[in-house]
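Values quoted throughout were computed directly from the atomic coordinates according to the rules given, and no laboratory measurement underlies them. The model shown is predicted, which means the values in this text are computed figures rather than measured ones. Methodologically, a virtual Cβ is constructed for each residue, glycine included, from the backbone with ideal geometry; neighbour enumeration extends over all protein chains shown.
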Amino acid sequence: MSIIRDSFHSRIGFVLAAAGSAIGLGNIWGFPTQAANNGGGAFVFVYLMVTVLLALPALYAEMYIGNQAQKNPVSALEDACEGVSRNVGKYAGLFGLLGAILMLSFYSIVAGWMLSHALSPLAQLSGFDSVATWLGESSDLRNLIFTPIFIILSALVIKKGVHAGIERWSSRLMPILFLLLVALIIYILQQPGASEGIEMYLVPDFSQLKDPNLIIAAMGQAFFSLSIGVGGMMVYGSYMKKGEGLGKLVVSITALDTLIAILAGLLIIPTLFVAQHMGQEVFTNGQLIGGPQLIFSVLPTLFESMGTVGVYIALMFFSLMSMAALTSTISATEVPVSYLLESKGYSRGKATLLVSIIVLAACMTLVFNFDTLFDAVISWVNTFQLPIMGLFYFIVVGWIWKRGNLLKDKAVIDAKPSLKLWGNYLRFVCPLLLTVVFVNTVMAM
Ligand code: PFF
């Protein structure tokens, strides 16, 4: 019995959903702070290079495998590895699926913080000052409430399916996110101190280019930002009609993701300098404050000092963060859900419930072992999971996968010679480049 698969109904819906997966906390938080601490414009330059040379091809490879297979990531990789061993594909697919759960385990916690910070100004506007303060302060109880709320929000979208859930919500949220971001930039750039931030962000300190860690940091950031390596983009690729101009779509998704990251830098870095102008400490040991302290301490203090306007700015900023996080968690959640649905015969509702329970258990493990596990899991996903899977995709597309691989089809290549060049780039250059960067990363640890 063949069941008709749910799918995206339009190319724009697909691009918005995939851009929604890509555009997340990594863009609005990760990118600007990495840029600020790694030579400003020099980082932006290296990031763009790494994105075009490696991350975009990896995104293409991931989406292409899913798109040709029209199946969930585990089955898609199984099919693609047919010529060597289906088991290799299956276990690689399951490794990706595990990566999706790990990614969700820390991401959902942070997303919960964003949501509670978005509700804090609403509580304040409604006169519940003590609730507003509680929402803005980190606590175990807050994690115990807001992490599950965020997981439920993702589940509600996923349960509706690809078209009625993922496509519809991404198409609603992404334009709002863009407008909020632009409005915030316009406001912040008019505040005293902002111009110093722009200078730090855009004027490159090329002396930092000599630092090998710069390329490593840029590559980790680019892979995470484009959601490569856990199957989220593969499953979205599988919900898109086969073939037709996948390359162009991948370029659009990459361009949107990069644009938002660069715009986010124009918001976050000047904001830090505005905070400095207001008397806050924003440097520690010569480095701009990056981690949670930036988002959850420097920014809220700044917004507070702005009076009533600041309450609305905080509301806009943390709503923006929450939306960006939601469109990202839904793509990672869809990976195990699609597997349970297609390979294990679950209904979408049951699959969503089971995956949500597993993600919640993983999140709670992190919450209760925060100091030992939280940073360790993030570092594992970024340093190992994403590059290893990226490398695997290149090897699959370039070497292992034969039947159904257009890049290996003589008639197709003869009709379009540029495909041959692209195929060889994916086959030889990308795995080599990625291996060099990966080995350097491991050696630098
Ligand atoms: N690309 C997202 C970000 O930049 O925040 C993170 C992400 C989402 C990674 C979805 C992996 C994924 F499947």
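Given their separation in residues at 0.36 nm each and the Cα-Cα distance between them, Phe206 and Tyr312 gain 34.4 nm when the chain is fully extended. Tell me the net charge near Ser7. Cut-off is 11 Å between Cβ atoms, Ser7 excluded, with +1 for each Lys or Arg and -1 for each Asp or Glu. Around Ser7, the charge tally is +1. Approximating the spin labels as points 7 Å out from Cα along Cα→Cβ, the Ser138-to-Ile12 distance works out to 4.1 nm. What residues of region 190-211 lie in the reach of a label at Leu48, counting those whose backbone N is under 13 Å from a point 7 Å from the Cα along Cα→Cβ? Backbone N within reach: 202-204. Label Ala164 and Ser126 with points 7 Å out from Cα along Cα→Cβ: what is the distance between them in nm? The answer from the label model is 2.9 nm.
For Ala183 and Ile358, calculate 0.36 nm times their separation in residues minus their Cα-Cα distance, and state this gained length in nm to one decimal.
Extra length available between Ala183 and Ile358 comes to 59.2 nm.
With the convex hull of its Cα atoms as the shape, region 117-219 has an orientation-averaged projected area of 11.2 nm².
Please order Asp409, Asp79, Asp414, Asp371 by the number of other Cβ within 10 Å, starting at the fewest. It would help to have the intermediate numbers written out before the result.
Working: Asp409 15, Asp79 18, Asp414 10, Asp371 7.
Ordered from fewest to most neighbouring Cβ atoms within 10 Å, Asp409, Asp79, Asp414, Asp371 come out as Asp371, Asp414, Asp409, Asp79.
Here the Karplus relation 6.51 cos²θ - 1.76 cosθ + 1.60, evaluated at θ = phi - 60°, turns the backbone of region 288-300 into coupling constants of 5, 4, x, x, x, 4, 4, 6, 9, 10, 4, 5, x Hz, with x for every Gly and Pro.
Output the peptides 210-219, 35-44 sorted from most to least packed, where packing is the average of other Cβ atoms within 10 Å over each peptide's residues.
Output ranking for 210-219, 35-44: 35-44, 210-219.
Coupling constants for region 60-67 follow from the phi torsions by the Karplus curve (6.51 cos²θ - 1.76 cosθ + 1.60, θ = phi - 60°), and in residue order they are 4, 4, 4, 5, 5, 4, x, 5 Hz; glycine and proline get x.
Computed over the chain, the Cα gyration tensor eigenvalues convert (square root of 5λ each) into semi-axes of 36, 26, 19 Å, ordered from largest to smallest.
For region 371-383, putting each phi into the Karplus relation 6.51 cos²θ - 1.76 cosθ + 1.60 with θ = phi - 60° gives couplings of 5, 8, 9, 4, 5, 5, 5, 4, 5, 4, 4, 6, 7 Hz, in residue order, rounded to whole numbers and with x for Gly and Pro.
Modelled this way, with points 7 Å down the Cα-to-C-beta line, the labels at Leu94 and Met443 are 3.5 nm from one another.
Looking at the P(r) of region 18-135, how many percent of alpha-carbon pairs lie beyond 18 Å? Please report the intermediate quantities before stating the final value.
Details: 4798 of 6903 pairs.
I get 70 percent for the Cα pairs in region 18-135 exceeding 18 Å.
Here r is the Cβ-Cβ distance between Ser85 and Ala415 and R0 is 41 Å; the resulting FRET efficiency, rounded to 0.05, is 0.85. Estimated purely from DSSP H runs of n ≥ 4, each contributing -39500 (n - 2.57), the mean residue ellipticity at 222 nm for the chain is -23000 deg cm²/dmol once divided by its residues. Distant-in-sequence amide contacts of Gly161, defined by a placed amide H-H separation under 5 Å and a gap of 5 or more residues or a different chain, comprise Ile166. With the Kirkwood sum run over all distinct C-alpha pairs, region 225-320 has a hydrodynamic radius of 16.2 Å. State which entries of Lys159/Lys242; Lys160/Lys242; Lys248/Lys420; Lys242/Lys416; Lys248/Lys410 exceed 20 angstrom in Cα-Cα distance in the structure shown. Beyond 20 Å: Lys159/Lys242; Lys160/Lys242; Lys248/Lys410.
With the cut-off at under 18 Å, measuring from each backbone N in region 23-56 to a point 7 Å along the Cα-to-Cβ line of Tyr425 picks out 46-56.
Taken as Cα centroids, region 166-202 and region 256-318 sit 12 Å apart, rounded to the nearest whole angstrom.
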